[in-house]
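The next block holds one structure in the form of structure tokens; read it before the comments.
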Ligand SMILES: [Cu+2]
């Protein structure tokens, strides 16, 4: 694992024209409960949801998501319309993910909007998502994940969700999480 980390840092060095710390480890971010809502309609809209855990010691910001399955991707929130008290989706510039905290993207709240999907999305298919996060120095973390297409949110109980979340974090703890090494790299 150490060799992989060294290679990773080396790759960052040669791929970055600016500075030593231009890349951060994707292991600093852990994702769980990642899914995309099914939409069988050609060119329809849908959304991606997930839990984003920031394992690093710095505040990060989700600035963009890239999804080939749709023509356009936006970060959205739901806000109450002042005129008629109806909740509407609104595009937002970014989603802050504070150090050590978890941000939940879920129906009725924050989400990644997939506009004009290229093909109908059926339950069980996988949709590749790339998240681009930044720290306050502008250093980038790219996080790739395959999201499962589902008909709706998991109806498992809160404690099951909490358990799954903990499992996701534990797996990283045991295997690849070496975040602190990169944090000191600069
Ligand atoms: Cu939306």
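Read-outs throughout are calculated quantities, based only on the coordinates presented, and are distinct from any laboratory measurement. Just so we're clear, the structure is a prediction, and the values are computed from it rather than from any experiment. Note that each Cβ is placed from the backbone with ideal geometry, even for glycine, and that neighbours are counted across all protein chains shown.
To the nearest whole percent, what portion of all C-alpha pairs in the stretch 28-159 is separated by more than 21 angstrom?
Details: 3562 of 8646 pairs.
Above the 21 Å cut-off, the stretch 28-159 has 41 percent of its Cα pairs.
So what is the relative contact order of the stretch 28-159, in percent, for Cα pairs below 8 Å that sit 6 or more residues apart? Intermediate values should be presented prior to the final figure.
Numbers: 329 pairs, mean separation 44.0, N = 132.
Across the stretch 28-159, relative contact order equals 33 percent.
For each of 143, 151, 130, count neighbouring Cβ atoms within 10 Å of the residue's Cβ, then give the residues from fewest to most.
151, 130, 143
Kindly list the residues of the stretch 52-96 that lie in the label zone of residue 130, defined by a backbone N under 11 Å from the point 7 Å along the Cα-to-C-beta vector.
Taking a point 7 Å out along Cα→Cβ of residue 130, the residues of the stretch 52-96 whose backbone N falls under 11 Å are 65-68.
Give the calculated FRET efficiency between residue 167 and residue 42 to the nearest 0.05, with a Förster radius of 25 Å applied to their Cβ-Cβ distance.
Working: r = 37 Å, r/R0 = 1.47.
It comes to 0.10.
Starting from 0.36 nm per residue, how many nanometres of slack lie between residue 66 and residue 137 once their C-alpha separation is accounted for? Let's see the in-between values first.
Numbers: separation 71, 0.36 × 71 = 25.56 nm, distance 2.16 nm.
So the extension gain works out to 23.4 nm.
Measuring from centroid to centroid over Cα atoms, what is the spacing of the stretch 40-99 and the stretch 112-135 in Å?
Comparing the Cα centres of the stretch 40-99 and the stretch 112-135, I get a distance of 11 Å.
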